[in-house]
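Heads up, the thing below is written out as structure tokens.
FYI, it's all coordinate maths here, none of it is from the lab. From a predicted model like this one, the values you see are computed outputs, not experimental measurements. Cβ: placed from backbone, ideal geometry, glycine included. Neighbour counts: every protein chain shown.
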Amino acid sequence: MYRYREVSAKLWRRLCAACYGHAVSGSKRALFIDWGGTLAFTRNNRTVVDAAGNPVLMDNVAATLKRERPRYDACFIVSNQARIAKGEISEAEVARRFAWANEELGRPFTEWRLCPHADADGCPCRKPRPGMFLELARLHDVDLRASTHVGDSEKDRDAAAAAGVGSFVWAADFFGWSTTPGRA
Ligand SMILES: [Zn+2]
């Protein structure tokens with residue numbers, strides 16, 4: 001078990017060499033979706049939870065995924081979770097919330113990835129770096145150019161571009177929000 005702040009950027013690059021060392025040219029179209037501000041409502045960069053401790057999902061998420069998910073072979077959550085590095089939430093709790101959303105939404109997600117690091121850790125998976133996309137593409141035979149990323153921040157957009165994901169769609173457009181509640 002790594003204590004995140006003690007792992008150097010150099011080591012992270014070596015750990016992720018498998019992601020970077022191979023050209024990715026799979027056959028599946030994938031929908032990559034950000035979490036905070038895209039799937040889940042956030043306030044002060046924290047996921048808002050209800051009385052039961054479960055995430056409050058953004059408007060139109062359920063209906064939009066039900067409509068759009070069949071157009072893709074696979075669907076992944078890709079999420080920066082720097083609050084884990086700061087000790088403000090556990091990785092297990094973040095994973096529990098993703099699993100809860102998966103059940104709540106009728107299991108649209110093939111898998112999910114989170115980056116538990118902060119900027120200072122230099123992790124190759126933290127958006128705007130492409131590590132999470134590249135790893136999932138390699139594991140799931142994804143054609144990144146034929147795939148789409150939905151997100152609410154410039155980090156999301158830049159990570160998708162760095163990974164070679166063919167399309168980026170702002171969450172407000174994808175989910176049809178008349179205002180953009182995910183973008184303060
Ligand atoms: Zn990371």
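A compact table of results
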{"read-out": "Environment charge of Ala162, counting only residues whose C-beta is closer than 14 Å and scoring Lys/Arg +1, Asp/Glu -1", "value": "+2"}
{"read-out": "Residue order, fewest to most surrounding Cβ atoms within 10 angstrom, among Leu134, Leu139, Leu114", "value": "Leu139, Leu114, Leu134"}
{"read-out": "Whole-Hz ³J(HN,Hα) from phi, Karplus 6.51 cos²θ - 1.76 cosθ + 1.60, for region 110-115, glycine and proline x", "value": "6, 6, 9, 9, 10, 9"}
{"read-out": "DSSP-assigned coil residues among GluC sites (Glu not before Pro) in region 78-153, each with at most 12 further Cβ atoms within 10 Å", "value": "Glu88"}
{"read-out": "Neighbour cut-off at most 15 other Cβ (10 Å), DSSP loop, chymotrypsin sites (Phe, Trp or Tyr not before Pro), region 81-146", "value": "none"}
{"read-out": "Under-5 Å amide H pairs with Cys115, H placed in peptide plane, nonlocal only", "value": "Ser79, Asn80, Gln81"}
{"read-out": "Region 63-105 - convex hull of the alpha-carbon atoms, volume per residue in Å³", "value": "85"}
{"read-out": "Against the rule of thumb 2.2 N^0.38 Å, how large the Cα Rg of region 26-174 comes out", "value": "0.97"}
{"read-out": "Centroid-to-centroid separation of region 33-60 and region 118-180 [C-alpha atoms, Å]", "value": "18"}
{"read-out": "For Val169, residues with placed amide H under 5 Å, excluding near neighbours", "value": "His149, Val150, Gly151"}
{"read-out": "Net charge of Cβ neighbours under 12 Å - reference Ala74; Lys, Arg +1; Asp, Glu -1", "value": "0"}
{"read-out": "Using a Förster distance of 25 Å, the FRET efficiency for Asp173-Ala120 (Cβ separation, nearest 0.05)", "value": "0.15"}
